[in-house]
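Chemist: To start, I am sharing the structure in question, which I have written as structure tokens.
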Amino acid sequence: MKKASLPLSKNFKVGEIDKRIYGSFIEHLGRAVYGGIYEPGHATADEDGFRKDVIDSVRKLNVPIVRYPGGNFVSGYNWEDGIGPKEERPQRLELAWGVTETNEFGTNEFLKWCKKANTECMMAVNLGTRGIEAARDLVEYCNHDKGSYYSDLRIKHGVKDPHNIKVWCLGNEMDGSWQIGHKNAYEYGRVANEAAKVMKMVDPTIETVLCGSSNRTMDTFGHWEAETLQEAFWNVDYVSLHQYFDNKLDDTPSFLAKNMVMDDFIDTVISICDYVKGLKRAKKQINLSFDEWNVWYHSNGTPVERWSKAPCQLEDIYNFEDALLVGLMLISLVRRADRVKIGCLAQLVNVIAPIMTETGGGIFEQTIFYPFMHFSNYGRGTTLLSKISCDKHDTKEFTDVPDLDGIAVLSPEEDALTIFAVNRSFEEDYELSIDMLDFGGFKPVEHIEMAGFGLKETNSIVSAPVKPTNAELPEIDGRNAKIHIKPLSWNVIRFEKDNQ
Ligand code: AHR
């Protein structure tokens, strides 16, 4: 068995973990809304048409915030279409995904669903076909108490109390040529700044997210962030990052190293935020909203009938290696919890999602459900500096890939310590020796593991074999704990302070 070590101390704190790092995303896309969170007539539907089986599953994930309503969808969306009496709402051609949007579900329905799912809404405004005025009006409709046209309209629609949505995305992926209303950096920076300024005039308590690059391979990556941020610096709070990975080349060693790209992406965007901060001679710090991330490629090329309603779209079925990479991506986000304050697993239900439903039928939890659930439930508190010493290997795409990657999180009460770790090695068992420098009295209580599955093994509505099990507890000797980390495995090792 190979040996690895990890020294941990309460004094080596990287940063507080904002719980919103465990957010997710619901877009009007495919069966995320219709047949996903909303399906009147379904056996489990409540009086609002919300599927209770889906709500139960979302609650297991403990998702604190959900971005809505897009995504590419938002850039052609008239929010006014989705409010008021349902029978008066227009059907629209939805151009981003080539389907028909019935608008049966809209802002107030989503906000009601959020309450039932124990989460909050992160709202995106349309800066594609619309602009400052529509953004301003939506903030007024959602957040103003009463006594103005849009707040009174909300009340007329049966919602007395304001929704008080705190986080607002200024459009979506506006650097992408595919985006409805695509803009260059100057155009976008200007409109984002003006929209954010006016939205904050309506409600000064909100926070706004500037669209960063759609991904780091965009030609304009870096320049886009610097230029848009120079325009909008004083009216925005976060810059967004989006990243999807694939294993199209069926090269799993490289696939499992891809969160190193994410580490680099995060570091680069932090540098750009700080560069602009320097140019502005500012004290204000811009943080990161990693509001789309996941594995996405299995469903690519699946045909969709044009102008159909809520067809199957982007319904990736995830396998075990995807779960390992999702765990690694979460490690990367939490590693920089000092600056990454919001994260959204894209998406939540049916569309590149941890939760899958059958319209009119059952539900199942995909492989990627589990690392997310573990982090969201046990990864709250403070990130500790976690330098694992272990062997490294090369892959076709990467050099010096550590066999093990992991992160330690100290609970808010400092009475629990959780280590999340992935072994990327195909053959090597590791003995991870944790030197718990100042954790006297901490005892191991659980070692959750996902290991021994075929890399391409999946879950389905019929059977869901890829799920966590309990592994042997670490051996503890004084302040040293030794943990067996199996090849190709996901691990959650929990210690609690023994008060005896
Ligand atoms: O999440 C699916 C799509 O990916 C989103 O609509 C878009 O923002 C991104 O390109």
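The values are calculated or read from the model by the stated rules, or taken from the named source; none is laboratory data. Computed from a predicted model, the values in this text were never measured in an experiment. Here the Cβ positions follow ideal geometry from the backbone for every residue, glycine too, while neighbour counts run over all protein chains shown. For accessibility, only protein heavy atoms count, side chains too; no ligands or nucleic acids. Shrake-Rupley method; radii C 1.70, N 1.55, O 1.52, S 1.80 Å.
Chemist: Given the conditions (1) away from the ligand (no atom under 15 Å from the Cβ); (2) touching a residue at least 40 places away in the same chain (Cβ under 8 Å); (3) basic (Lys, Arg), and given that ARG216 satisfies all but one, which numbered condition is not satisfied?
Modeler: (1)
Chemist: When you go through ASN103, ASN108 one by one, which is the residue that is under 30 Å from TYR22 (Cα atoms) and assigned to a loop (DSSP other than H, G, I, E, B)? Steps first, please.
Modeler: On the way: ASN108 fails: assigned to a loop (DSSP other than H, G, I, E, B).
So the residue among ASN103, ASN108 that is under 30 Å from TYR22 (Cα atoms) and assigned to a loop (DSSP other than H, G, I, E, B) is ASN103.
Chemist: Check off (1) outside any loop (DSSP other than H, G, I, E, B); (2) within 16 Å of the ligand (Cβ to nearest atom); (3) more than 21 Å from the chain's Cα centre (by Cα) for ARG67 and give me the number that stays unchecked.
Modeler: Answer for ARG67: the failing condition is (3).
Chemist: Scanning for something open to solvent by less than 40 Å² (accessible area, probe 1.4 Å), over 26 Å from ASP267 (Cβ atoms) and among the polar types (S, T, N, Q), does the stretch 227-247 turn up at least one residue?
Modeler: No: zero hits.
Chemist: Take residues that are crowded, with 19+ Cβ neighbours inside 10 Å and within 16 Å of the ligand (Cβ to nearest atom) and tell me which of the strands (runs of 3 or more DSSP E) falling wholly in the stretch 339-444 contain 1 or more.
Modeler: By residue number, 340-346, 355-357.
Chemist: Take GLY71 and decide whether it is out of contact with any helix residue (DSSP H, G or I) (no Cβ under 8 Å at 6 or more places or on another chain) and farther than 29 Å from ARG20 by Cα. Break it down into steps so the answer makes sense when it comes.
Modeler: Details: out of contact with any helix residue (DSSP H, G or I) (no Cβ under 8 Å at 6 or more places or on another chain): yes; farther than 29 Å from ARG20 by Cα: no.
Judged against the criteria, GLY71 is not a match.
Chemist: Filter the stretch 66-95 for residues that are in contact with a Leu (Cβ under 8 Å, 6 or more places away or on another chain) and either farther than 25 Å from ILE55 by Cα or without any contact (Cβ under 8 Å) to a residue 12 or more places away in the chain (or both) and give the result.
Modeler: Correct list: SER75, GLY76.
Chemist: May I pose another question? ALA282 - would you say it is small (Gly, Ala, Ser), at pLDDT 95 or above, more than 16 Å from the ligand (Cβ to nearest atom) and buried (at least 21 other Cβ atoms within 10 Å of the Cβ)?
Modeler: Working: small (Gly, Ala, Ser): yes; at pLDDT 95 or above: yes; more than 16 Å from the ligand (Cβ to nearest atom): yes; buried (at least 21 other Cβ atoms within 10 Å of the Cβ): no.
No: the conditions fail for ALA282.
Chemist: Now, a different point. Please go through (1) more than 16 Å from the ligand (Cβ to nearest atom); (2) of a type in the set (D, E, K, R); (3) open to solvent by less than 30 Å² (accessible area, probe 1.4 Å) for LYS146 and return the number of the only condition it doesn't satisfy.
Modeler: Status for LYS146: all satisfied but (3).
Chemist: Among the residues of the stretch 451-483, write down those that are of a type in the set (A, V, I, L, M) and open to solvent by 80 Å² or more (accessible area, probe 1.4 Å). Give the derivation first.
Modeler: Within the stretch 451-483, the subset of a type in the set (A, V, I, L, M) is 451, 455, 461-462, 464, 466, 471, 473, 476, 481, 483.
Listed by number, the residues that qualify are VAL462, LEU473.
Chemist: From the list LEU288, LEU328, LEU314, exactly one residue is under 24 Å from MET218 (Cα atoms), open to solvent by 10 Å² or more (accessible area, probe 1.4 Å) and of a type in the set (A, V, I, L, M). Which is it?
Modeler: Values: LEU288 fails: open to solvent by 10 Å² or more (accessible area, probe 1.4 Å); LEU328 fails: open to solvent by 10 Å² or more (accessible area, probe 1.4 Å).
Just a single option satisfies the conditions, and that option is LEU314.
Chemist: Identify, please: which residue in the stretch 1-49 is acidic (Asp, Glu) and within 28 Å of ARG380 (Cα to Cα) and is, among those, nearest to the ligand (Cβ to nearest atom)? First the steps, then the outcome.
Modeler: Applying the first criterion (acidic (Asp, Glu)) to the stretch 1-49 yields 16, 18, 27, 39, 46-48.
Pick out the ones that are also within 28 Å of ARG380 (Cα to Cα) and you get 16, 18, 27.
On the way: GLU16: 28, ASP18: 22, GLU27: 5 Å.
Looking at residues that are acidic (Asp, Glu) and within 28 Å of ARG380 (Cα to Cα), I get GLU27.
Chemist: For the stretch 180-222, which positions are closer than 25 Å to ILE65 by Cβ and polar (S, T, N, Q)?
Modeler: ASN193, THR205, THR208, SER213, SER214, ASN215
Chemist: Still on this structure, please answer the following. From ILE180, ILE206, ILE266, ILE270, which residue is in the same structural domain as GLY98 (by TED's automatic domain parsing), in contact (Cβ under 8 Å) with a residue 60 or more places away in the chain and within 16 Å of the ligand (Cβ to nearest atom)? First the steps, then the outcome.
Modeler: Details: ILE206 fails: within 16 Å of the ligand (Cβ to nearest atom); ILE266 fails: within 16 Å of the ligand (Cβ to nearest atom); ILE270 fails: within 16 Å of the ligand (Cβ to nearest atom).
Matching residue, one of ILE180, ILE206, ILE266, ILE270: ILE180.
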